[in-house]
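Okay, structure first, notes after.
The values are calculated or read from the model by the stated rules, or taken from the named source; none is laboratory data. In this text, all values refer to a predicted model and were calculated from it rather than measured experimentally. As a convention, Cβ positions derive from the backbone with ideal geometry for all residues, glycine included, and neighbour counts pool all protein chains shown. Note: areas computed on protein heavy atoms with side chains; ligands, DNA, RNA excluded. Shrake-Rupley method; radii C 1.70, N 1.55, O 1.52, S 1.80 Å.
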Amino acid sequence: MAENKMTFDALVVGGGIAGLQAALDLADQEFKVAIVERDASIGGKMIRLSKVFPTLDCASCITTPKMASAAHHENITIFTYCEMKRLQKLAGGFSASIQQKPRFVDELKCIGCRQCEYECPVYVADPEQGGFSARKAIFVPFSNAIPQVAVLDVENCMLCGKCEKVCPTKAVDYLQQPKDFSIEAKTVILATGIGITPLENKVQYGEGKIPNVITALQMERLLAPHGPYNRVLRPADGMEPDSIAYIQCAGSRDKSMGVPYCSRVCCMYAIKQAMLLSGALPLADVTIYYMDIRAFGKGYEQFYQNAKAMGIQFVKAKVARLTEGENGAVTVHYESQEADGGVTSAEHDLVVLSLGMVPDWNPAGYCEVSTASDGFIRSVKPKLAPTLTDTEGIFVAGAAAGPKDIVDSIAEAGAAAMSAAEYLTVLNSRRRAVA
Ligand SMILES: Cc1cc2nc3c(=O)[nH]c(=O)nc-3n(C[C@H](O)[C@H](O)[C@H](O)COP(=O)(O)OP(=O)(O)OC[C@H]3O[C@@H](n4cnc5c(N)ncnc54)[C@H](O)[C@@H]3O)c2cc1C
Ligand code: SF4
Ligand code: SF4
């Protein structure tokens, strides 16, 4: 990364499953592609999941080969820990101003040996494991992260110097500064994905202060093969839960949270997790409180019916609030919408919130692409060409255009790559005609 300006055919912003797929499809057609990813590793949400509905395939077994293919592809260059500060339209292309955050580790020297991590005396909660286990102040993000390069967490480092001393390649650099560079590309694909509605925004559900109320993303980590405990335990006291409840639409279809729309995938991931819990904790009761189940994709309704047949309880209800009960239990106060109706409550050992999905990135101030009323990137032809934005040459892929499952994200990424390839072919032939 010595040069300040680099030139590619396509720039893909976001290295989740949609960005990776779009980049691979373009690179296989001999286009030169740059992927810019904000995190220290590519992989997006999918690399953090346990298994995926409706097949229950291992998520990292699907994501890791895609990540590795992108990393080893001769036509793809990956820039991690990088933020796009500005995207400007030029004659016949775009210029993106990128800032790479300091890792305080030289990316070119680090060999991912983790000696620094083993030696570091500081332990902090690891967000990659839902905050349930600890990591060091210098760390390689996770075992299959790409790139395998350490990052120093400057907020928690006490500058003891141990990592610098032990590093065999002298990669630790406490004085590293942010690096600015620009990427010029003829076309851009925005694959910036989804974020989760903050738990703190829901007063009725305890604002994240009730110890045994967790998010579905945290449950993904509890269920993952390399999770924080290697089994499902309650975070507050390490007890194996006998009764687990899911609260659906906890932050979707809720104007008070600013998320009036359905987040589409939460019903399915809650059912998936409930099934996995039935395997991990065969004696536990699992209850899903829902307003209505949206099992929209191929095979999804059967998946839902299978969950019912496995004994997972589905309670049609509106959950009003959650309170802390005795011995770490959580009381769910709800209005039943079953035939018998009424306002009632039930106690569970652990409660999982199926939080809503919001855009992970707002283009306002960064580039001239508009968003729809839900805040996601606006598709100008949602039915006929869903990857077209209102700026010619910029396409959108995956959940950046609205909440989506993996199948739809990958399909849309393929469509965005096709549209970008077509755009590049026309642009190149016009240039040849002028020359
Ligand atoms: C708890 C949970 C469970 C799920 N389970 C399933 C399941 O079982 N099956 C299924 O089909 N779907 C599931 N999903 C949905 C699935 O996660 C999404 O379909 C998928 O992640 C969408 O991929 P994406 O690449 O569009 O977005 P993301 O995975 O969100 O990736 C976007 C990437 O872009 C990066 N980025 C964002 N902004 C910028 C920027 N400005 N500059 C650079 N990089 C940026 C982000 O860091 C991220 O790496 C689940 C979702 C959740 C929350
Ligand atoms: S200098 Fe900081 S990161 Fe390095 S070992 Fe000491 S505390 Fe850990
Ligand atoms: S910074 Fe040094 S010690 Fe740490 S992983 Fe990289 S090469 Fe190994």
Task: Contacts under 7 angstrom Cβ, first residue in the range 352-371 being free of Cβ contacts under 8 Å to residues at least 40 places away in the same chain, partner open to solvent by 40 Å² or more (accessible area, probe 1.4 Å) and more than 10 Å from ligand 1 (Cβ to nearest atom), 6 or more apart - done: Asn362/Thr371; Ser370/Arg378; Ser370/Asp390; Thr371/Arg378
Open item on the list: Just to be sure before I move on: is Phe94 surrounded by 16 or more Cβ atoms within 10 Å (Cβ to Cβ) and farther than 30 Å from Ile62 by Cα in the structure I sent?
Closed with: yes
Open item on the list: Regarding the range 175-195, can at least one residue be identified that is within 11 Å of ligand 2 (Cβ to nearest atom), touching a residue at least 40 places away in the same chain (Cβ under 8 Å) and of a type in the set (D, E, K, R)?
Closed with: no
- [ ] Could you check, for the range 358-374, whether at least one of its residues is in a strand (DSSP E or B), more than 24 Å from Cys262 (Cβ to Cβ) and among the acidic types (Asp, Glu)?
- [x] no
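Hey, could you check the range 24-39 for residues that are in a loop (DSSP other than H, G, I, E, B) and crowded, with 21+ Cβ neighbours inside 10 Å and say which is farthest from the chain's Cα centre (by Cα)? Lay out the reasoning, then the answer.
Going through the range 24-39, the residues in a loop (DSSP other than H, G, I, E, B) turn out to be 28-32, 37-39.
Then drop every residue that is not crowded, with 21+ Cβ neighbours inside 10 Å, which leaves 31, 37.
Details: Phe31: 26, Glu37: 12 Å.
Once the filter is applied, the top-ranked residue is Phe31.
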Task: the range 21-45 residues that are among the aromatic types (Phe, Trp, Tyr), paired with ones that are part of a loop (DSSP other than H, G, I, E, B) (beta carbon under 7 Å, 6 or more apart) - done: Phe31/Asn75
